[in-house]
Amino acid sequence: MKESLWQLFLDIKQKVQSYPNVIHSVGTDGQDVFINSDKENDSANGFVVCFDVNTFNKKIEPTFLLTANGKLEKLNGNTDHLDFHSLQLYLPFCLASVIKKDQEFPLILSHFAQSLDGYIAATNGQSQWIGNEENLIHSHRIRALCDAVIIGNNTLLNDKPKLNVRRVKGNDPIRVVIGNKNHCTQSLTGSSIGQIIRFSSDNIIKDSSVDVVKIDCKEQNYIPTSSILKTLYQKGVRSVLIEGGSTTSSLFIKEGNTDIVQYHIAPILLGSGIPNYNHSHTITSIDEGLHFEHYHFNLMGDQIMFTGYL
Ligand SMILES: NC(=O)c1ccc[n+]([C@@H]2O[C@H](COP(=O)([O-])OP(=O)(O)OC[C@H]3O[C@@H](n4cnc5c(N)ncnc54)[C@H](OP(=O)(O)O)[C@@H]3O)[C@@H](O)[C@H]2O)c1
């Protein structure tokens, strides 16, 4: 991706999030971002984004429709000269605050690097690195565009991730850990001054370096993912990246709290390990699987990535 396009994504996100009034449309000439320059673009089916504004008249401006679950569709005009692959991957997160505003909920992406047979880690928990360099750059781009990144306690313990933005230009997201065991957060606290939040259902957690949010589990033995997302939304979070592991991401999917899944598929077979998705019950027929109505595969260097919209 061209550096100028990455800068444009950062500019769109910043302008959209800091705009004080209702947003009807967003346009760009490739450098500047125009908010509400064209009020007619308000569409019932999604949010309309125009490119090359000021170059063409309204009828042939390249325009895209962005739905509430982050799916980008071509609408009008000649879009051949635009980098559709990058627009499809990153534009939804720049505009998360407008496409989800009616639901008052963040846009949620679950992302993994996995083996061909669907494992995200070996049986000993090792996962670094299943993906390639392009996948790492992609992960850092998504971190830079999302307001928060979430992991489960086992991933904190095993991977000791920093969860900051290092490989591209951009700000660190709020880093969020879920779980009751008081695993050391040194990898997070030592890598960024940004906020760290731990969601727990227990009063035992005492960690002055993180903000602890206690949520009761009630009848089930895990924190409802909607409660986590509502709390984050109230703190201004409009887009969330769930970076794993399997238990954490699966709970969000099972509770209907995932808009987009991305599985970066590496040319390796593990045969056993930690799966990308954990069903809570045994699946006995193909029909019971999770089906995607809309999806696409993209080349990521010499590997591929599946993106599915739920
Ligand atoms: N390949 C990749 O892209 C990738 C990415 C990330 C991680 N991984 C791998 O994934 C593995 C870890 O996956 P995992 O499935 O074992 O664990 P995990 O999802 O990282 O963590 C699970 C733990 O998080 C807490 N938790 C998560 N959601 C919760 C909720 N809604 N309510 C209450 N607690 C919640 C619980 O902690 P407590 O038990 O402490 O309460 C639970 O035991 C690691 O080996 C890591 O390397 C791979």
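Just so you know, all these numbers are worked out from the coordinates, no wet-lab data involved. All of these numbers come straight from a predicted model, not from anything done at the bench. Here the Cβ positions follow ideal geometry from the backbone for every residue, glycine too, while neighbour counts run over all protein chains shown.
Below is a table of values for the structure above.
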quantity: Estimated vicinal HN-Hα couplings, Hz - region 75-85 in sequence order (Karplus 6.51, -1.76, 1.60; Gly, Pro = x); calculated: 10, 9, x, 8, 10, 4, 7, 8, 7, 4, 3
quantity: Antiparallel bridges, percent of DSSP beta bridges restricted to the chain (to nearest 5); calculated: 50
quantity: By average C-beta atoms within 10 angstrom, highest first, the peptides 74-83, 236-245, 133-142; calculated: 236-245, 133-142, 74-83
quantity: Amide H contacts of ASN278 (H built 1.01 Å from N, under 5 Å, at least 5 apart or other chain); calculated: SER250
quantity: Entries of LYS2/LYS254; LYS100/LYS206; LYS160/LYS230; LYS15/LYS206; LYS15/LYS181 with Cα pairs more than 32 Å apart; calculated: LYS2/LYS254; LYS100/LYS206; LYS15/LYS206; LYS15/LYS181
quantity: 5 angstrom amide H check on HIS294, placed H, neighbours 5+ away; calculated: TYR309
quantity: Residue-by-residue Karplus 3J(HN,Hα) for region 232-248, coefficients 6.51, -1.76, 1.60, Hz, glycine and proline x; calculated: 5, 4, 5, 8, x, 7, 10, 8, 9, 10, 9, 9, x, x, 4, 4, 5
quantity: For the chain, calculated [θ]222 nm from helices alone, where every DSSP H run of n ≥ 4 adds -39500 (n - 2.57); calculated: -7000 deg cm²/dmol
quantity: Residue order, fewest to most beta carbons within 10 Å, for LYS71, LYS230; calculated: LYS230, LYS71
quantity: Where N is the number of residues in the chain, Cα Rg divided by 2.2 N^0.38 Å; calculated: 1.01
quantity: For region 236-310 and region 135-189, distance of Cα centres in Å; calculated: 18
quantity: Under the Karplus curve 6.51 cos²θ - 1.76 cosθ + 1.60, θ = phi - 60°, whole-Hz ³J(HN,Hα) for region 139-146, x wherever Gly or Pro sits; calculated: 4, 6, 5, 5, 4, 5, 8, 8
quantity: q = 0.13, 0.16 Å⁻¹: log10 I(q)/I(0) that the Debye formula gives for region 62-185, counting C-alpha atoms only; calculated: -0.66, -0.94
quantity: The chain, dipole about Cα centre (Lys/Arg Cβ +1, Asp/Glu Cβ -1), debye to the nearest 20; calculated: 880
quantity: Given charges at Cβ of Lys, Arg, Asp, Glu: region 3-99 dipole, positive-most of TRP6, CYS94, ASN69; calculated: ASN69
quantity: Between helix 3-18 and the chain: long-axis angle, C-alpha atoms, 0 to 90°, nearest 10; calculated: 80
quantity: For region 3-99, share of DSSP beta bridges that run antiparallel, in % to the nearest 5; calculated: 80
